[in-house]
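The values are calculated or read from the model by the stated rules, or taken from the named source; none is laboratory data. This structure is a prediction, so every number in the text was calculated from the model and none was measured. Methodologically, a virtual Cβ is constructed for each residue, glycine included, from the backbone with ideal geometry; neighbour enumeration extends over all protein chains shown. Just the protein is used for accessible areas: all its heavy atoms, side chains included, with ligands, DNA and RNA removed. Shrake-Rupley method; radii C 1.70, N 1.55, O 1.52, S 1.80 Å.
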Amino acid sequence: MMFMRKVCCFLLCCVFEASVARRTEEAETLEKIESARCVSRCLTLHITQITALFKHLQNDHVLDWCEDHRRCSQCLQPCKELWETRRALSPKTCEHHECVTSAEFLRSLRSQKQGDCPPPQRASGFAAACVESCAVDRECSGIKKCCSNSCGHTCQSPANLYRGVPLKPRRDISFSEDQNGHLKVTWMSKFNVSVEPVLYVLQRRWNHGIHPSEDDASAWQTVLMTMEDRSVLKDIRPHRWYQFRVSAVNSQGTRGFTTPSKHFFSIRDPFPPETPQNAKTGNQTVHPDGTVSVLVLWEAPRESDLVVHHYKVTWNTRGTPPTSQSRAGRVTDGDVTEMELQGLQPNTHYTAQIQAISYWGQNRLKSSRAHLSFITAAATTSSNGNVHLSGEFSNEIPISHSSPSILRLEAAAPHYHDNQLQVKVFWKSRIPGNQKDSSSYILRWYPEVCAHNVTKGEKTATVQGTHFVITGLLFACKYRVAVKAITGQEQRSEVMTSVTTPLCSALMGRRKKPAACARDERHPQVKKALQRPEKLAASFQPVNDSVQAMFSWQVSPESAGQTPITGFQLSWVKVSRSSTNGTLISQTHILPPDQLSLTVDALQPESVYRVQVQVLSEAGHGPSVSKTLYTPHVNGTLL
């Protein structure tokens, strides 16, 4: 019973929130319509001058003229205030008569709905009851008005609801997108029965996902008001399904919005995210080993085409080239906008850079870097040997110079030498520069992840000194390296870093003997033949305004000694005349070895796609087959 009560309460809350959101959306739309009616009234008052100056009245130059004309601009003031701020301007705040009459017109729209009250003698049924069921129009639902029936006031359907009101535009709205992602939206007006200037109010809504969905769409948002039957929108974002609707308005009112248009999906590539904002430092902490941690905070970029996947933060001491002593951290959650920089030196000037990273298909999009400069706190030692921040008390453990701790661990670039991949790592201890460091250190390293899923255990070395060359590394792996000092029976805490080794082909391509790459990196199973994908085919099915495709393929016959197939990689990319190999955005699916087909939705009709199927095995990528395909028209038959 308690569970059912909670479920009922939850559903009631959802219904209430949806109802509030719908009323808010309707109220905002009504305000935009009222503002457009106000503008039409101002233009009508100056129609004589406008017709003398302009051959065609339905263009936005008329609005520009009104804003530059003294009396017309005064009339527009309350209209613009309502449109931009959703606040009705009081006639008392107006300085000119034109402004006062315009504000009073808007006030009358708030109290009186469109249309006229019918003659009292025509009231019938409940509408003819001798009761005072309403006082003003807004107390009546829908389009009904509060009207007299000779012995009371009731909500009645209006007469002359659309007298003098312009006809709705035709329901067909067309779209045209240029290479810059600017969308031209065009609608066709019916014969204009209005003698007054007509304003068009354009609205849109959108949803994310691979399919258009009205259920998951946002609320209707008013985009603009114009006198023309077209508009160019420069804020269309990729990877969204848009719908539009338009309403024709004059001072007499409107017949409502057109039915929602067909969905539009932008084909342009997204722009990189904008620069993170307002970077600053937070708390600083001095640790027992004398190092300093600094909390760096920033604000997410303004709305971008894509969500931020993660942030990349780099820092180095001021005046040091970023490539020599820089560190990098990575906040994998794009919602996290802070990072603690650890192992910093006290009383040192640092510079940090924050960069937002988004992904589009297989391409990584980077923002410009936000820069931040700061000075770490100074660590001082009191008379009893305690380390503390300057000006702040601390009871942290004193630093033992006979038991050195490590300030930082760094790695040089991996290089190929003596037929093996190796990297030099080095660290800095707190031993003064004029003293020799004879301490022992334990260095350990292991691969966290490799491109070829090769597993390899952890290795260790005992080192005297502050550097070591790690040999026998694997290509295309990310290694974790850790070092800690040993003094007698005591072991200090570890300091860690990461080393990413390059692809074999990338490194060996610059050498005179690239054959070494194949001997060193190749998995033993690669020498065995792999089955090949073949007979790649596709069938198409129109779905709504897009195309659904089913890609299928076969595999060559299996023979003895062949490497087992672990899966398939299916990739497809839309090819356009304006695209180059560097700008094509592909989509990829990894499939199990027993799946020889895949259904793909939301392909664009009458377009060219390049599809590729590639074999995967424990050794990596194998043979592939590709094909260029043409999607049909949405009204065409199956291919």
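A few remarks follow.
- The protection proxy used here, the mean number of other Cβ atoms lying within 10 Å of each residue, ranks peptides 247-254, 474-481, 536-543 as follows, highest first: 247-254, 474-481, 536-543.
- For region 229-374, the Cβ-based charge dipole about the Cα centre amounts to some 620 debye (Lys, Arg positive; Asp, Glu negative; other atoms uncharged).
- Solvent-accessible ranking of Met550, Met188, largest area first, probe 1.4 Å: Met188, Met550
- Distance (nanometres) between label positions extended 7 Å along Cα→Cβ at Lys428 and His589: 5.3 nm
- Using the Cβ-Cβ distance between Ser597 and Ile143 with R0 set to 56 Å, the FRET efficiency works out to roughly 0.55.
- Förster-model FRET efficiency, 35 Å R0, Ser556 and His633, C-beta, rounded to 0.05: 0.50
- Within a straight-line Cα-Cα reach of under 17 Å, Lys80 can be paired with the following aspartates and glutamates, leaving aside sequence neighbours fewer than 8 residues apart in one chain: Glu28, Glu31, Glu34, Asp60, Asp64, Glu67, Asp68, Glu95, Glu98, Glu104.
- Listed pairs Lys312/Lys478; Lys92/Lys145; Lys478/Lys574; Lys32/Lys55; Lys32/Lys168 exceeding 21 Å between Cα atoms: Lys92/Lys145; Lys478/Lys574; Lys32/Lys55
- Full-stretch length increase - Leu503, Asp545 - with 0.36 nm per residue and alpha-carbon distance subtracted: 10.9 nm
- Our note on the geometry: Cα centres of region 156-225 and region 293-309, 35 Å apart.
- Sorting Phe374, Phe265 on solvent-accessible area from highest to lowest, probe radius 1.4 Å, gives Phe265, Phe374.
- Stretchable slack from Glu299 to Thr44, in nm (0.36 nm times residue separation minus alpha-carbon distance): 87.0 nm
- Placing unit charges on the Cβ atoms of the charged side chains and taking the dipole of region 133-277 about its Cα centre, the candidate lying farthest along the positive direction among Val223, Ile173, Thr154 is Thr154.
- Taking each residue as 0.36 nm, the span from Gln58 to His309 lengthens on full extension beyond its C-alpha to C-alpha distance by 85.8 nm.
- Proximal aspartates and glutamates relative to Lys366, as straight alpha-carbon distance under 15 Å, when same-chain residues fewer than 8 apart are discounted: Asp269, Glu274, Glu303, Asp305
- Ile565 sits with roughly 30 Å² accessible to a 1.4 Å probe, with DNA, RNA and ligands left out of the calculation.
- Summing +1 for each Lys or Arg and -1 for each Asp or Glu among the other residues whose beta-carbon sits under 15 angstrom from that of Asp68 gives -1.
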